[in-house]
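Submitted below is the structure of interest, expressed as structure tokens.
What follows draws every value from the coordinates through simple rules; no lab data is involved. Since the model is a prediction, treat every value here as computed from it, not as a measurement. Positions of Cβ are backbone-derived with ideal geometry, glycine not excepted, and every protein chain shown enters the neighbour counts.
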Amino acid sequence: MQIEMKGIEKSFGTNKVLRGVDFDVHSGEVHALMGENGAGKSTLMNILTGLLKKDAGTIKVDNHDTTYASALDAEHHGISFIHQEMNNFAEMSVVDNMFLNKEIKTKLGLVDQKKMRKEARQYLVNLGSDIDVDSKMGDLTVGQQQMVEIAKSLMINAKIIIMDEPTAALTENETAILFKTIRELRSNSVGFIYISHRMEELWQICDRVTVMRDGLSVNTYQTKDVAENQIVHDMVGRDIGDYYPGRHPHLGEVALKAEHLSGKKFHDISFEVHEGEILGFSGLMGAGRTETMRALFGIDKLSSGKIYVAGKETKLTSPSVSIKKGIGFLTEDRKNEGLITEQSLEDNIALPSIDTFRKHGIIDKKAEDKFADMLIKRLTVKANNAQVTAGSLSGGNQQKVVLAKWVGSGSKILILDEPTRGVDVGAKKEIYELMNQLTDRHVAIIMISSDLPEVLSMSDRIEVLYEGKQMGVINAQGATQEQVMKLATGGK
Amino acid sequence: GCGSTGLSNSSGSSSKVEKKAPKDLKIGVSISTLTNPAFVNLKNVISDYAKKHGSKVIIDDANNDTSKQNNDVEDLITQKVDALIINPCDSSAISTVVKKANDAKIPVICVDRSADSGKVVSTVASDNIAGGKKAANWLIEKLGENAKIAEIQGIPGASATRERGKGFDSIGDKKLNIVTKQTAQFDRAKALTVTENILQAHSDIKGIFAQNDEEAVGAARAVKAANKKITIIGFDGTLASLNLIQKGQITATVGQQWNKIGQESVQKVYDHYQNKKVPKNDKVAVKIITKNNVASFKKQVYNK
Amino acid sequence: MDKAKTTKKKFDFTKYMALVALIILVIIITVLNPQFIAPNNLLNLLRQASVNALIAFGMTFVILTSGIDLSVGSILAFTGAISASLILGGTPAWLAALIGLAIGALLGALNGVFITWGKVTPFIATLATMTIWRGATYVFTGGNPITGGKMNTSFFFQFVGQGYLFGIPFPVIITLIAFIICYVLLHKTAFGRKTFALGGNEKAAFVAGVKTKKLLIIIYTISGLFAALAGFILTSRLGSAQPDAGMSYEMDAIASTVIGGASLMGGKGRMAGTLVGALLIASLSNGMNLLGINSFYQQIVKGVVILIAVMIDSQTQKNRE
Amino acid sequence: MDKAKTTKKKFDFTKYMALVALIILVIIITVLNPQFIAPNNLLNLLRQASVNALIAFGMTFVILTSGIDLSVGSILAFTGAISASLILGGTPAWLAALIGLAIGALLGALNGVFITWGKVTPFIATLATMTIWRGATYVFTGGNPITGGKMNTSFFFQFVGQGYLFGIPFPVIITLIAFIICYVLLHKTAFGRKTFALGGNEKAAFVAGVKTKKLLIIIYTISGLFAALAGFILTSRLGSAQPDAGMSYEMDAIASTVIGGASLMGGKGRMAGTLVGALLIASLSNGMNLLGINSFYQQIVKGVVILIAVMIDSQTQKNRE
Ligand SMILES: Nc1ncnc2c1ncn2[C@@H]1O[C@H](COP(=O)(O)OP(=O)(O)OP(=O)(O)O)[C@@H](O)[C@H]1O
Ligand SMILES: Nc1ncnc2c1ncn2[C@@H]1O[C@H](COP(=O)(O)OP(=O)(O)OP(=O)(O)O)[C@@H](O)[C@H]1O
Ligand SMILES: [Mg+2]
Ligand SMILES: [Mg+2]
């Protein structure tokens, strides 16, 4: 199968998102699609699979002009789309998720649960997965959910599989399994369109890469013939050099100290972080890093342990208490816990500090406006003004808005959970620079990251967790990926 | 026979009533609503009278819901009461359970409203149609023919609304100038609002017929607030309206003799179990209550 | 054998909270008044439950989609009145019933259209149609019950609400059949899967090719249809179409569904749960009548029982997570 | 100056759909019956709107959190009955009013507790308490209105519902003051911001330090408080506490809020919109009374108007996106 898209254009209202994109893919290759947040990658794929209508351009499938009426139509023609945001049904079982809208029916027209179960299990086994097909989708880890999605593509005998940031939430292990699967399928002449913000994956798994910028396709390369710099340059339109700015910490007093923290998914975690320090938390997905920090911040219950803020023992029973103590928490789930997407940047940014704008009980709107404008400028959020809704921004800019609100609330201790997940390289660099600026002003940062190069480059020390237990702490200076991985996989 | 398919799952033949004294009787009472003072009073009269004679009473309240009432009566039948006193929400809808009671050979007395079909020992009721006619005639007498009046109707579809309206309109439509008919759902607050609005649209009306006393009370408040002199006649004879008649804020009401209705209905049960002859219909007279006779009526019905 | 065992999930106690509550209730009432479990009373109870149960079956589909249908009571009254007047006018009762059902389905579909194409939230759309069809019923009937005439002589008409088959009230049999159909439809067909999917994640369902608008319209159609079926049965039971029939029935239906474990957020619910919920509510009313509890207190007890039943359910759900 | 201009958004017509609808309605009614805009009638209309408006103000907060409060009518009746019986018993009217308000607030808080700690969805929690407090009202009053005695002689009691200040009915003045307080509270204070945040994304608000449980309880308390205030005014207007007062008032309040642009999904709504919604509903009833429209048709018209108003709103919202 051969797909050729030419001169694709698309506008949302007055916002012209695609301005003439050329892209092609054929069976048996993995073709990467790279580009900054908001470059239009997902939109292009939505057009290909019939979820959106193009304004102009042609799509040729095996040299025939083709427009799919719906995602289902595209699937019938062998094109499967694994979306960026998990499009599944948390309350339904794995089988039901896999067979939704393509149920196997008995002669009576009822669903043939037995047959569906058997087939579902078979597809998963083929992928080397032992997921229980009767368990609720919502009970699976993100990686397992991803596997189910891939099994779904196999189920329809897809000739072309589109993966939109599949590894953003996968563990190293799961990523390895995924890549193995992709390679196998590729050798069985399945084609892939592979969207990712992770540079290194280009050379691990992709044959060709097309770079998009501002709704245009800039260049297409054979990956073996191109260097990272070139891709980055094409993506952001300029050279950004090494996007890890490096660390030059000046450590102050101990800002936060945790002793023997235990909770649902972690046991006996102790650590301390100094003013001006970035303490990295590494580990495989599900290692319990998020749970530890959620409990520390007061979102979930801590079953035991002591916390000292600036040397004094403190009970952080709820986020509001933690905020008062000068702690901020950028959650890993931006959409559900970080932002109120329907509300303005200003409302979002001012929320944790809203009580400080009270003047005789009334909000001082002018002061609030100024505050929001100042933070938007300082964190270089790309937005027309502070009144646009948070949901209308690209991922990287949304992340900066979340950072802005914690910076604005005067946090002396910032917990950043996957701060650059789903964020393009340009924005990534800006976020790293921001982190450096903050530590220069004596803010203590705890950074959870599943991105090893990021942890190694941006932390001063690295705590490694494995299955809820603390495996050890590594000085980031001179540490290697192997060192971290060894601890993260439980090795000593 | 037709086996187990049919309209009834019990069968049998009728037999003579076995004599029972009041103190041996368990009487099931189903009242249409207990949120209307008139029916609360009816309930009290029935239960006082029955208890005075040593009978047991079980009282259910249908909440103005015909199908709840059917359920209630079925449940009373299950409890094997000796007699049913039913104050139907609706004459037609009650018939099916009356038939069930007939099947179970439980005598039924209907109060205030009749049952369209099924065997009823006796129906004790005020004559609502006659009451409506009386109200119309009284207004004509008081205000003259073709006087401009407003009619405030009850809950659409309720039998009291239909019958009182039917009686009133049968005369009023011809001999009075009914400028507007609006519903206030038998509700005091709604009657207040509706009357305010009616006074706005028709500032020259001379009289108001409210289909129950709750509405009359609401109307009276609106009239008083607007500083108007308008003749108001209600229906029921509740304490609240009798008090306002004494104060001159309501001119009159079509008074039902709840005490008589309640006592008679229980007495019919007793008579039935003494094998006495019980009249099929006991129309308890309604009468126009005005300032002149309100005191004695109040004494008679409420003992106040 | 062994394989089947491993795939079987372990017994999930929390799924049966409503049933446990029902059993406890039945035991309490029976202890206080043994007449409660007399076969005759149980048949009564089932018949009393049937109208609400039927409405609740339709409501279950609606609630699964995170919708709500407040208009069921008005549709019940409107279609009941139309069927009754058709019978009076000489239409064969079975045809009148069919026409009533068809109109119920149509009004349900209309709700669906307002919700999908009109983009009005279900609560408001059905609040509006509740008012409209109630008004229409009053206009149609002139506020009078429709009764008498051929309604008293038609065997079919009488049988539907008042008849017995093998000693079991016919409405109970209808409800049982309806339950089986709904159960299969919801839990054993592609339609049911799509309903769950739509309720769980409407966007994802759409992406997966579920025709969400069409599905929603069908679901509201089902709700309207069941309201009309309940309406015909009620009309037959009462021997009369009351213009104010079915008022506030939506609340009991919703309560039954939620007691049965459905979530108003959608995506969660079971037909058997709804049936149990409807039985619980009917047992409560019937039981309190048998116990001679003052009707004022009945309301309080009912509210408290609903609250407790739902609270136990949500607490156990929480612990499960 | 310049800066202020750039941050100002351009005039957003779609925000004022409800107002446009109200104006159109007023024009239509006035053309058909000019008495409608007689000052006297307008004052009447405002007074008639006040009870619903007060309830709707409280409901706006609730709906903003994606909640719902079905119990307002029962709280109104219950607190009205308690205040009235206190006055009869010799308590000074102002104290009776305060006690009524306090109980209303308490019952509201109880709703909040069931919803937050009990984890019951607002619809079901308040459906249950609606039943419970209605039953309690019947028990308390024995089904009889509470009236007469000191209620007729207390100036304060009479004045609240029936008095005039500068020629304006006192309930209207109370409503106006309540509106200003609610407006400021919702749009100008941290409390209001948090309410919007909670409605927009409860989890995100919690992480941002909003005490969501406490906030929800306060919001249901406000709703209960306003229901009680409306109850006292209604009791005073009627000179009597009716046990069935306030029945189904929740529906009008919800409709007012939604017509005013609030979304039942939470996070969206405006106090001024709610006021306009309440005025629209009151104008509709008042106007149809003035026009002498058959009460059966009044219901149909009301349903249709609600449907159209909300549909226009959601359609223009769609275009805006
Ligand atoms: N349905 C929509 N309506 C309006 N604008 C949209 C819509 N979908 C996408 N956009 C806008 O189109 C632009 C391109 O979005 P798209 O999701 O295609 O970016 P992307 O390249 O996939 O970014 P990311 O890497 O963050 O996933 C963005 O500015 C986005 O805000
Ligand atoms: N709020 C939540 N509700 C349900 N599941 C969650 C929640 N947060 C995390 N999980 C899941 O629980 C498991 C434990 O993840 P956790 O986030 O604690 O690990 P982690 O080490 O922080 O990993 P990472 O942050 O890389 O996801 C993961 O599979 C995750 O998807
Ligand atoms: Mg994307
Ligand atoms: Mg995590």
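If you keep only loop residues by DSSP, which chymotrypsin sites (Phe, Trp or Tyr not before Pro) in region B:229-304 have at most 16 other Cβ atoms within 10 Å of their Cβ? Working shown, then result.
Numbers: sites: B:Phe235, B:Trp258, B:Tyr270, B:Tyr273, B:Phe297, B:Tyr302; in loops: none.
Qualifying residues, ordered by number: none.
Eigenvalues of the Cα gyration tensor times 5, then square-rooted: what semi-axes does that give for region A:254-488, in whole angstrom, largest first? Numbers along the way, then the final one.
Values: eigenvalues 172, 85, 46 Å².
They are 29, 21, 15 Å, listed largest first.
Per residue of A:338-346, count partner chain C-beta atoms within 10 Å of its C-beta, then hand back the mean as an integer. Please report the intermediate quantities before stating the final value.
Working: counts 5, 4, 12, 4, 9, 9, 1, 0, 1.
Taking all residues of A:338-346 together, the mean is 5.
Same structure again: Ignore the peptide's own chain and count Cβ atoms of other chains within 10 Å of each Cβ in D:237-250; give me the average, rounded.
Values: counts 8, 9, 9, 7, 0, 8, 6, 10, 3, 1, 5, 2, 1, 0.
Per residue, the number of nearby Cβ atoms from other chains is 5 on average.
Still on this structure: Can you list the aspartates and glutamates whose alpha carbon sits under 17 Å from that of A:Lys114, skipping same-chain ones fewer than 8 residues off?
A:Asp96, A:Glu103, A:Asp132, A:Asp134, C:Asp2
Now, a different point. May I ask what percent, to the nearest 5, of DSSP beta bridges between residues of the protein assembly as shown are antiparallel?
Working: 60 of 134 bridges.
Bridges in the protein assembly as shown are about 45 percent antiparallel.
Give the Rg (one decimal place) followed by the Dmax (whole number) of chain A, computed from C-alpha coordinates and expressed in Å.
Gyration radius and largest Cα-Cα distance of chain A: 23.6, 73 Å.
How high is the relative contact order of chain D, in percent, with contacts defined as C-alpha pairs under 8 Å that are six or more residues apart? Mind showing how you got there, number by number?
Values: 522 pairs, mean separation 109.9, N = 321.
Relative contact order for chain D comes out at 34 percent.
Taking the Cα centre of region A:254-488 as origin, sum charge times position over the Cβ atoms of Lys and Arg (+1) and Asp and Glu (-1), and report the length of that vector in debye to the nearest 20.
Charge dipole of region A:254-488: 540 debye, to the nearest 20.
Then there is this: Going by average Cβ density within 10 Å per residue, which order do the peptides B:109-119, B:190-200, D:162-172 take, highest to lowest? List each step's numbers first, then the result.
On the way: B:109-119: 21.9, B:190-200: 25.6, D:162-172: 15.8.
Answer by packing, highest mean first, reads B:190-200, B:109-119, D:162-172.
Calculate for the protein assembly as shown the 222 nm mean residue ellipticity that helices alone would give, adding -39,500 (n - 2.57) per DSSP H run of length 4 or more and normalising by residue count, nearest 500 deg cm²/dmol. Working shown, then result.
On the way: 56 runs with 772 residues, N = 1438.
After summing the helix terms and dividing by residue count, I get -17500 deg cm²/dmol.
Right, another one. Which pairs break 23 Å Cα to Cα here: B:Lys99/B:Lys134; A:Lys54/A:Lys224; B:Lys175/B:Lys287; C:Lys214/C:Lys268; A:Lys301/D:Lys211; B:Lys20/B:Lys52?
Values: B:Lys99/B:Lys134 34 Å; A:Lys54/A:Lys224 32 Å; B:Lys175/B:Lys287 21 Å; C:Lys214/C:Lys268 20 Å; A:Lys301/D:Lys211 15 Å; B:Lys20/B:Lys52 16 Å.
Exceeds cut-off: B:Lys99/B:Lys134; A:Lys54/A:Lys224.
In chain D, with Lys and Arg counted as +1 and Asp and Glu as -1 at Cβ, which of these residues, D:Gln158, D:Ile217, D:Ser74, has the Cα nearest the positive end of the dipole, that is, farthest along it?
After comparing all options, I get D:Ile217.
For region B:191-274, please report how many Lys pairs fall under 30 Å Cα to Cα, leaving out neighbours fewer than 8 apart on the same chain.
Qualifying lysine pairs in region B:191-274: 9.
Now a separate question. For A:Ser129, C:Ser71, what ranking results if the residue with the fewest other Cβ atoms within 10 Å of its Cβ goes first? Mind showing how you got there, number by number?
Values: A:Ser129 18, C:Ser71 31.
Fewest-to-most Cβ neighbours within 10 Å comes out as A:Ser129, C:Ser71.
Which order, highest average first, do A:478-491, D:302-315 follow once you tally other Cβ atoms within 10 Å for each residue and take the mean per peptide?
Numbers: A:478-491: 14.9, D:302-315: 20.6.
Highest to lowest by the protection proxy: D:302-315, A:478-491.
Explain nothing, just the number: dipole magnitude of the protein assembly as shown about its Cα centre with +1 on each Lys and Arg Cβ and -1 on each Asp and Glu Cβ, in debye rounded to the nearest 20. Don't jump to the answer; show the numbers that get you there.
Values: 151 positive and 117 negative charges, 928 e Å.
With Lys and Arg at +1 and Asp and Glu at -1, about 4460 debye.
Are there DSSP H segments in chain C that both extend 18 Å or more along their axis (alpha-carbon positions) and score a mean Kyte-Doolittle hydropathy of at least 0.0? List them, or say none.
Details: long enough: C:17-32 (23 Å, 3.44); C:39-64 (34 Å, 1.06); C:72-88 (24 Å, 1.96); C:93-116 (34 Å, 1.97); C:122-141 (27 Å, 0.89); C:170-188 (26 Å, 2.18); C:212-238 (39 Å, 1.41); C:271-290 (28 Å, 1.32); C:295-320 (38 Å, 0.30).
Membrane-span-like by this criterion, though nothing is claimed about a membrane: C:17-32, C:39-64, C:72-88, C:93-116, C:122-141, C:170-188, C:212-238, C:271-290, C:295-320.
What ranking, highest mean first, results for peptides D:96-106, B:274-284, A:12-22 when packing means the other Cβ atoms within 10 Å averaged over each residue?
Values: D:96-106: 21.5, B:274-284: 12.7, A:12-22: 15.4.
The packing order, highest mean first, is D:96-106, A:12-22, B:274-284.
When the convex hull of the C-alpha atoms of region B:231-304 is computed, what volume per residue in Å³ does it have?
83
Quick one: A:His274, B:His202, A:His360, fewest Cβ neighbours within 10 Å first, how do they rank?
Working: A:His274 21, B:His202 16, A:His360 5.
By the 10 Å Cβ count, ascending, the order reads A:His360, B:His202, A:His274.
Sticking with this structure for a sec: Kindly put C:Ile29, C:Ile181 in sequence by how many other C-beta atoms sit within 10 Å of each C-beta, fewest to most. Each step should come with its number before you reach the end.
Details: C:Ile29 20, C:Ile181 12.
With the fewest neighbours first, C:Ile29, C:Ile181 line up as C:Ile181, C:Ile29.
Based on the Cα atoms of the protein assembly as shown, what semi-axes does the equivalent ellipsoid have, where each is the square root of 5 times one gyration tensor eigenvalue, given in whole Å with the largest first?
They are 64, 37, 29 Å, listed largest first.
For chain A, what relative contact order do you get, as a whole percent, if you take Cα pairs closer than 8 Å and at least 6 residues apart? Each step should come with its number before you reach the end.
Numbers: 1002 pairs, mean separation 77.4, N = 492.
Dividing the mean separation by the residue count of chain A yields 16 percent.
Provide a whole-number value for the mean count of partner chain Cβ atoms within 10 Å of the Cβ atoms in peptide C:36-49. Don't skip to the answer; put the middle values down first.
Values: counts 2, 0, 2, 0, 6, 5, 1, 3, 6, 4, 0, 3, 7, 1.
Average per residue, whole number: 3.
Between copies, how far apart are the C:Ala38 label points? List them in nm, one decimal, shortest first, with each point 7 Å from Cα toward Cβ, please?
Those label-point separations list as 6.3 nm.
Give the relative contact order (percent, whole number) for region A:254-488; include only Cα pairs under 8 Å separated by 6+ residues. Mind showing how you got there, number by number?
On the way: 482 pairs, mean separation 68.6, N = 235.
It comes to 29 percent, rounded to a whole number.
Given region C:70-205, what count of lysine pairs have C-alpha atoms under 26 Å apart, with each pair 8 or more places apart or on different chains? Walk me through the numbers before you get to the answer.
On the way: C:Lys119/C:Lys194; C:Lys119/C:Lys203; C:Lys188/C:Lys203; C:Lys194/C:Lys203.
Final tally of qualifying lysine pairs is 4.
Sort shortest first the distances from C:Ala102 to its counterpart in every other copy, using label points 7 Å along the Cα-to-beta-carbon line, and give them in nm.
6.4
Over region D:44-320, what number does the Rg to Rh ratio reach, with both radii from the alpha-carbon atoms and Rh per Kirkwood? List each step's numbers first, then the result.
Values: Rg = 18.4 Å, Rh = 18.9 Å.
Ratio value, two decimals: 0.97.
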